[in-house]
Amino acid sequence: MPVTLDSVEVCFQLLINQLQTPFQLHQWSEYDSSALFAPDEEFIPKSFLTQQVFGDSPNLKPEGFLSRSLAVGNQQNIFLNSRFQLEVEGNLSDDLSMSAVLRDSQFPFQPEGNTQQIREFDRVYLGLNHKKGIRVAAGDIEIMPLEGRFLQYQKQVMGLQGVYQPGHSSSYLEIAAGQGRGRFTSQWLPLQEGLAGPYRLLGDNGESNIQILAGSERVYLEGKQLTRGWDGDYIIDFNTAEITFTPQVQVTSALPIRIEYEYVDRSYPRVIVAGKASQNVGNWTLWAQAYRHQDDALRPFAFSLTPSLQGALSEPSSTGILQVPAQDSVGFSQGALIYAKKDTLVSGEVYAFYQYSQAPADAHWQVSFSYVGNGQGDYVLAQSLPQGRVYTWVPPVDGTSQGNYAAVIEVPLPEKRQIVSAGGRMTNNGHQFDIEMATSDYVGNLYLPDSKMQAFAGWLAYQSATKEVFQYDWSVSTNVESRQSQFQEVERYRSVEFDRFWRGQKGIDSLLGSYDHWGKIRIEGRKDAHRYVWAEQGGRYAGVNVNGWEQAFGIGQQWGAWQGTGKMYLLNGRLGESISRWRNHTWEVVRRGKKMQPGYRFREEFQAFENLNRGSLLGSNMNWQQHEVFVQSGDSTIGTWKVAYTYRIDKTPASQEWIHDSETQAVAVNWDPITSTTYGLNLVGQYRRLKTFGLEREVQPFLNGQVRGYWEPYAGFRIQGGYATQTSRELRREFVYLPVPLGQGTHTWQDLNNDGLQSLDEFLEAIYFNEKEYARFFVPTTDYIPAQGHNGDLTLSLASPKSWRTGTMVQRLISRFSFSGRMEYRHKADIASLDMPLSKVVQHMYTVYINRGGLKWGLETGYLGQESLQQLSQGPESFLNGHYFTEGRWSLNSSNSLVVRYEKGNRSRIADFWEGQSWQLIHHQWKPEWRWVLNKQWRLVGNYRWQNTQEAQLPSHFARINEVQAQLQWQPQEAAQSLRGHISYISLHYNGEDLGQPISYRMLEGLQPGSNWRIGCDWTQTMPNGLQLIFFYDARNVSGTGWIHSGNAQVAWVF
């Protein structure tokens, strides 16, 4: 029976001490063997996580920081650096909410395009939302249109946006205005057979060296949009404008890839204004929208507009590109890329030109050069200097230019583009009717007022309700479009496949008549997902030179275990003086089964241009047939898999006949078993063999694939990794050294030949903070080398089960050992000689731990290393930095501990094209260290380092270092301040090359033989309001050269 309780007795003891203050007998670091090898967190300056900077409002959640730092020194310039980040979200009142993002990190690059999600480094955004449906946003915003056909765009702008959308109404109103960040282009990507990439993307008028706006790209394959990311279909480098396809996409030369993107436009300020509104009225949804962008032609970014230049730019241009003279008298500057203006007599004619010079009396012209094509310019690329490329004038021969560069910059024509559209949609009992009308206003050259074009467009569409007839649900739809040929779209609105099928050999814009009419009707019947039939009939009339008919149909049926599908597209159209014929069809039959499903697929893509009168063959975009036999997983199998064999024949026109161009055989495997918490595996691979039938018959193999997986049988053991290989190519690169804010660079310049001029072989990898004044930036070229790429990574964590710690004696002994390791590998080899690497990056991190969690002692040993190789225009350059280490710790008591480390490693740089810049070093190092915790506020650390570094080829050349260092750290408990100081005495004995060589700088660690001193300190003070002050000072006395001082003061506000 239940027990009835009428009272409860509670026993407790009152603790006098405040629980907010931590009390402990041992430090957590005593349980972590790695804690003694790193700076103690107790003496690292800490910041307040959050501060209420928006008054006392509890509904706002601000986070961020603001910092300003000043770097000074007696042998350096003064640098001022800043960083700022603020994120706020919450309610200002019961009716008004706010969200804000402000980021400014002075980051010179955009994020990488190897993931589906993009992280923005620099962004400014402020948004206010009122409960009555009013939204206002300012800063970096994205604008898009409403429903409709003719007006399509997706723009990133810096501006203002207002939206009104009351909750009780179907009304919608939006207005936005701002400055555009990029220029849109849509292009077909020319592919090479079996080559995954990278492929260089160009500007709208063929401009090279562009920068893609992060996240603005859209990539289509046969009308289907692809996914970005390593685990998707492609990766893209936004900074170099290069795209590479993953093994998920089997690249062929006939693959129709369409890519659309916005790229950074440094030509003119572009103002964008957009508005849109919609309203529901009965069964109708009515809408209107407008878009306009206009370049400010009177305030160009790239050049200075003078009256005479404006008159020259007013001349009609057929290329869409302006070539603007790019010379500016700036005066002489030592070390800069400065030219002198010269003139000479060639064949009785005087020619003026520019010549690179370092003579102060003549060199005062800053000149920019652009590639204009062979025989179209008067300059050629002569050499590369740290500041950039140097160009040399080439005399003309018989009045004909002999170079491929010109002293001009190429900028697109300033334009204005505007579209206003209005339309509606009516729905009634499953029927849908759409109507839209639009006008466009376009000026292709704002310097030429007479280039204005206005045009009109209209569209009607109908979609019927479904009706069941003979167990099939039938529907009818139709589209009719009519527009004037001068109608200018903002972005592509017709389908990708429409543009592909109707493109000619040289474009058809000049062939269009006054109007462009297009229509299509579609009838479809569907019983279920496997049984359906549909047919389309369409036609286009854009004048007597562009017209034709197109048909398409598809079918899907199932007979017992057999299922068949098919679709076909046919086009017969006139394009100028030729007839374009398309035939695109796919047929497939599969036998359904529980365990596996065999099948066959046939595909054909045929296109031909034929003479209008005689019917003879003029050319072709593609003509291939492909047979595929496959076996795939069944309906009840665990996971999915597929094995396929394909055979393809490509034909090409020659002498008005079709001839065999190539033959391809491929085997593809795809395996994706069901994953669990303990294991997972994914495999995609294809081997392709291409046989060509040209003048030089050859057989080319292509291998593409990737595999990834993991296995974790218990909590202490996990192995995961992956491998990918694909046929690609490697870009040969050049590089320059540019000055950057102090401390943010990677290199220092030393005048090794004492000529006062900077050369590429005089920049060394900097060691000290005040030497890091230059950064290395790579400049892409157009020289690609065919390569086979390999990428791999492997991670292994190994420890015994926890139960072994209290098990048998053998289990307890084994439980003291653990292992952690990771290897990353990226390698490209010359496809003509796979043993010749073109690029390589290898990283190794392996560590074996003994008694890792022990309180008294611990030991670890391992290897850390990195190796890299890259192709430069001068030749290959490789780096190697790796070392083995063994480190042991012994805690004498809670206040004293001893750490001893031994290290043996090698470091090398191989660049045979630079004399003195190739070296290989081997070093040995012993470093005992004693840590003494004086009390809760003070800590003393002392260490001794003995290191011997010698040349690998000449062991008699060595540098021996004896260093004694003492560190004192102070941080009051629960105080927001800390002080840390150190002093080092370094004795160097050197026997080797001259002290002015790069190898001696590396062996001596930037110091000099004899006695060297280093002192330094840093002080941090954190205020209660989140303000943080940091002062840093470092000085070194290099033997025989005096003291070198550097300091840094930083004010940071963390909130």
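Structure notes:
- For the range 587-593, putting each phi into the Karplus relation 6.51 cos²θ - 1.76 cosθ + 1.60 with θ = phi - 60° gives couplings of 10, 9, 9, 9, 9, 5, x Hz, in residue order, rounded to whole numbers and with x for Gly and Pro.
- Take the Cα of VAL629, step 7 Å toward its Cβ, do the same at ARG826, and the gap between the two points is 4.1 nm.
- Dividing the mean sequence gap of close Cα pairs (under 8 Å, 6+ apart) by how many residues the range 327-406 holds gives a relative contact order of 30 percent.
- A Cα-only calculation for the range 327-406 places Rg and Dmax at 12.9, 38 Å.
- For the range 528-686, a Kirkwood hydrodynamic radius built from all Cα pairs, placed in the Stokes-Einstein relation at 25 °C and 0.890 mPa s, yields a translational diffusion coefficient of 131 µm²/s.
- Selection from ASN753, SER169, LEU255 lying farthest towards where the dipole of the chain points positive, charges on Cβ: SER169
- Dipole of the range 491-637, positive end: most advanced residue of ASN584, TRP518, ASN621 [Cβ charges, Cα centre]: ASN584
- Chain lengthening between HIS431 and LEU570 when straightened (0.36 nm per residue, less Cα-Cα): 47.1 nm
- As a rough footprinting exposure proxy, the listed residues PHE245, PHE609 were ranked by other beta carbons within 10 Å of their own, and the order from fewest upward is PHE609, PHE245.
- Relative counts (whole %) of C-alpha pair distances in the chain, using bins that are 10 Å wide: 2, 7, 13, 18, 20, 17, 12, 8, 3, 1, 0, 0, 0
- J(HN,Hα) series, the range 293-308, from Karplus relation 6.51 cos²θ - 1.76 cosθ + 1.60, nearest Hz, glycine and proline x: 10, 9, 7, 8, 5, 8, 10, x, 6, 8, 7, 9, 8, 9, x, 5
- Given LYS224/LYS651; LYS224/LYS520; LYS772/LYS927; LYS594/LYS642, the pairs whose alpha carbons are separated by over 24 Å: LYS224/LYS651; LYS772/LYS927
- Working note: 222 nm ellipticity from helices only, DSSP H runs with n ≥ 4, each -39,500 (n - 2.57), summed and divided by the residues of the chain, gives -500 deg cm²/dmol to the nearest 500.
- Taking amide H positions as modeled 1.01 Å from N, with prolines and chain starts lacking one, the residues under 5 Å from ILE257 and 5 or more places away or on another chain are LEU189.
- Ordering ALA406, LEU337, PRO386 by the projection of their Cα atoms onto the charge dipole of the range 327-406, which places +1 on the Cβ of Lys and Arg and -1 on the Cβ of Asp and Glu, puts PRO386 at the extreme positive end.
- Cβ charges +1 (Lys, Arg) and -1 (Asp, Glu), total dipole of the range 451-541, debye: 160
- Volume per residue that the Cα convex hull of the range 153-192 spans, once the total is divided by residue count, Å³: 119
- Scaled against 2.2 N^0.38 Å for its residue count N, the alpha carbon radius of gyration of the range 445-531 is 1.58.
- The slack between ALA288 and ARG68, meaning 0.36 nm per residue of separation minus the straight C-alpha distance, is 74.4 nm.
- Globularity index of the range 121-268 is 1.26 (Cα radius of gyration / 2.2 N^0.38 Å, N = number of residues).
- Ordered from longest to shortest, the equivalent ellipsoid semi-axes for the range 579-625 are 37, 8, 6 Å, each the square root of 5 times a Cα gyration tensor eigenvalue.
- Between the range 997-1037 and the range 171-210, the C-alpha centres lie 46 angstrom from each other.
- For the range 898-1001, trypsin sites (Lys or Arg not before Pro) are listed when DSSP marks them as loop and at most 12 other Cβ atoms sit within 10 Å of their Cβ; the list is LYS936.
- Simple spin-label estimate for ASP783 and LEU96 in nanometres, 7 Å along Cα-Cβ: 6.2
- Cβ-defined net charge surrounding LYS467, 14 Å radius [Lys, Arg +1; Asp, Glu -1]: -1
- Along the range 795-804 the Karplus relation, 6.51 cos²θ - 1.76 cosθ + 1.60 evaluated at θ = phi - 60°, assigns HN-Hα couplings of 10, 9, 10, 9, 8, 6, x, 4, 5, 5 Hz to successive residues, with x for each Gly and Pro.
- Per residue, the average separation of C-alpha pairs within less than 8 Å and at least 6 apart gives the chain a relative contact order of 7 percent.
Values quoted throughout were computed directly from the atomic coordinates according to the rules given, and no laboratory measurement underlies them. Note that the structure is a prediction, hence the values are computed from the model and not measured. Ideal geometry is used to build each Cβ from the backbone, glycine not excepted, and the neighbour counts take in all protein chains shown.
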